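Worksheet for the structure shown next.
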Amino acid sequence: MIENFTLREMASVLLDLFLPRTCPVCGGFLTRKEVSVCAACLADLPRTGFASMRNNQMSDRFNALIQRDLPSCPSPGGSSFERYVFAAALFFYRPGSGYRRITHRLKYHSDFKTGRYFSRMLGRELARSVLFQDVGAVIPVPLHWSRRWSRGYNQAEIIAQEVALQLGAVLKLDVLARVRRTKTQTKKSVAEKTANVAGAFKVRNVAGLEGVSHILLVDDVFTTGATLYSCYMAIKEGVGSGVRISIATLACVGR
C-alpha cells in the first residue's frame, strides 16, 4: 500500500501522527483527506446564502445606517438618493456556536490556513453571484498602525487577498487608512460603536481606484456594521456616488 503514497502524502501522515491537526469548530482530529475542518462540521456550516440575495438581513441592516444619515449627509448635488449596498457573509456567527472559532483563530491565533480556506469559500460564492461579478477592487478594513504592529498582521487583509483572487479583482491596500486608534467595539451599543469609529478612516490614494466601478469592502465579522459604515463613508467621499460600494465578511452575527 505504501507505494501508492506520494512523498507529500507520507509527510502529511507523519505530521498528523506527531502533530495531529484538529477541527477549529469541534476540536476533533482531522483525517488525512480533511482540510482545515472536519467533514461533519463543514456539512453543518451555517451558511447565510446572502451572496445570491439582493436583499438580506445583513444588507438591510447596513443600508439602514445609510438611510439614517441621508437627511444630514446628502449626495453631491443635493440628492438624497443612494445606491443600495449589496452585502454578503459566508456563515452566521453566534456566541454559543463552535463556528465562531473560525474567525477567532484567524484574528487572535494567526491561523492563516483556516482563515484562507474559508476566505476562498467566501470568494467563490461571491464570484458565482451576479451581484459581485463586476467587482474591480477589494479593500480590507485597515488596522491602526500600532495595532497591526502589535498583532503582526491584519486579519481582514488575509480574507481580502483570497476574495480578490476568486473575483479576479485588484487588492488595494494603499487606498484606505485608519488614522485614529479606536477602543474595542465589544459590549458597546450601536450608537456607541458608530460614534467610536466616526472619522477613524481616511482615503489616502483615490487615484488607485480610477476606472473601478464596483468596490468591495472586506472585514472578518459583521455585527452592527459600524466599522464598515465608517469605511464606506470615507471611500464614498473620495470616489463620489458614481461608484458602487459593497461589503463582505466571513461571518455575520445573526438575529
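So here's what we get for this one:
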{"item": "Residue among G254, G238 that is among the small types (G, A, S) and either within 22 Å of N55 (Cβ to Cβ) or in contact with a Gly (Cβ under 9 Å, 6 or more places away or on another chain) (or both)", "result": "G254"}
{"item": "Residue check for R21: at pLDDT 85 or above, surrounded by 10 or more Cβ atoms within 10 Å (Cβ to Cβ) and closer than 30 Å to F91 by Cβ", "result": "yes"}
{"item": "Test: residue in region 133-156 that is in contact with a His (Cβ under 7 Å, 6 or more places away or on another chain) and either under 16 Å from R47 (Cβ atoms) or of a type in the set (V, I, T) (or both)", "result": "yes"}
{"item": "Elements of type helices (runs of 4 or more DSSP H) in region 26-141, at least 2 residues being surrounded by 13 or more Cβ atoms within 10 Å (Cβ to Cβ) and not aliphatic (A, V, I, L, M)", "result": "57-69, 100-109, 112-128"}
{"item": "Every residue from region 236-255 that is hydrophobic (A, V, I, L, M, F, W, C) and closer than 21 Å to S129 by Cβ", "result": "V243, I245, I247, A248, L250, A251, C252"}
{"item": "Qualifying residue in region 40-52 (condition: under 30 Å from A127 (Cα atoms), at pLDDT below 95, within 24 Å of the chain's Cα centre (by Cα) and not aromatic (F, W, Y))", "result": "no"}
{"item": "Conditions (1) in contact with a helix residue (DSSP H, G or I) (Cβ under 7 Å, 6 or more places away or on another chain); (2) at pLDDT below 95; (3) in the same structural domain as V135 (by TED's automatic domain parsing): number failed by A88", "result": "(2)"}
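The values are calculated or read from the model by the stated rules, or taken from the named source; none is laboratory data. In this text the structure is predicted, and so the values were computed from the model without any measurement. Note that each Cβ is placed from the backbone with ideal geometry, even for glycine, and that neighbours are counted across all protein chains shown.
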